[in-house]
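Colleague: Have a look at this one.
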Amino acid sequence: MNKRERGIQLYNLLRTARLNVLYYEESLRNWTIAIRTHDVIVAVTSAASPIAFFKHSDEPLQKQVWFYLTIAAGVAGILKPIFRLDKQIALYSELVTHYRELHHDLKCLVEDMVADGDFSAALEKKFQACRKRENDLQKNEPPPRREKIRRLQAVVESEYKPSELWVPKEE
């Protein structure tokens with residue numbers, strides 16, 4: 001085992017885990033906003049039934065208001081089960097939680113490697129377990145959005161500058 005190469009792989013996995021934390025936190029925020037917006041639309045448009053009395057009015061504006069509120073209520077009611085927003089929230093919440101745990105464990109491994117000044121066999125065993133966890137998590141991930149990844153990679157690169165990372169010497 002080349003300890004220097006393994007140290008670089010550890011940092012790469014650490015940065016990937018951090019990127020995934022940021023990616024899924026943002027996705028979770030966006031889906032939460034989407035579900036709240038949907039709920040507000042449903043709440044507002046569900047008032048269409050009491051407003052039905054506008055239908056009996058001779059005023060064209062009041063008839064249009066009733067008509068469009070009724071359509072909005074119907075569309076909003078149909079969209080929720082189609083988009084399954086609650087399942088998206090659950091998925092992203094689970095991914096955020098597991099990637100945060102993985103990122104924390106990898107940070108601890110980096111700290112141990114730096115403190116020991118070496119990439120030991122014990123670290124190797126823990127590193128392999130982290131790689132397996134990351135592989136298992138990838139199986140549940142939805143397709144990524146490349147532009148979002150590129151934007152967040154800049155954040156990760158600023159947090160973990162390659163020039164400032166310590167790795168063991170070549171063997």
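The values are calculated or read from the model by the stated rules, or taken from the named source; none is laboratory data. Only a predicted model underlies this, so the values are computations on that prediction, with no experimental measurement involved. Note: ideal-geometry Cβ built from the backbone for every residue, glycine included; neighbour counts use all protein chains shown. In case anyone asks, the SASA skips ligands and DNA or RNA and just uses the protein heavy atoms, side chains included. Shrake-Rupley method; radii C 1.70, N 1.55, O 1.52, S 1.80 Å.
Colleague: Out of all the residues in region 87-112, which are over 20 Å from the mean Cα position of the chain (by Cα), free of Cβ contacts under 8 Å to residues at least 12 places away in the same chain and closer than 26 Å to GLU26 by Cβ?
Modeller: The answer is CYS108, and nothing else.
Colleague: Which ranges mark the helices (runs of 4 or more DSSP H) fully within region 67-159 that have 3 or more residues being open to solvent by less than 80 Å² (accessible area, probe 1.4 Å) and of a type in the set (Asp, Glu)?
Modeller: Of the helices (runs of 4 or more DSSP H) lying wholly inside region 67-159, those with at least 3 residues that are open to solvent by less than 80 Å² (accessible area, probe 1.4 Å) and of a type in the set (Asp, Glu) span 121-138.
Colleague: So which pairs qualify, if the first residue must be in region 113-136 and of a type in the set (D, E, K, R) and at pLDDT below 95, the second must be open to solvent by less than 80 Å² (accessible area, probe 1.4 Å) and outside any helix (DSSP H, G or I), the Cβ gap must be under 6 Å, and the two must be at least 6 apart or on different chains?
Modeller: ASP118/PRO168
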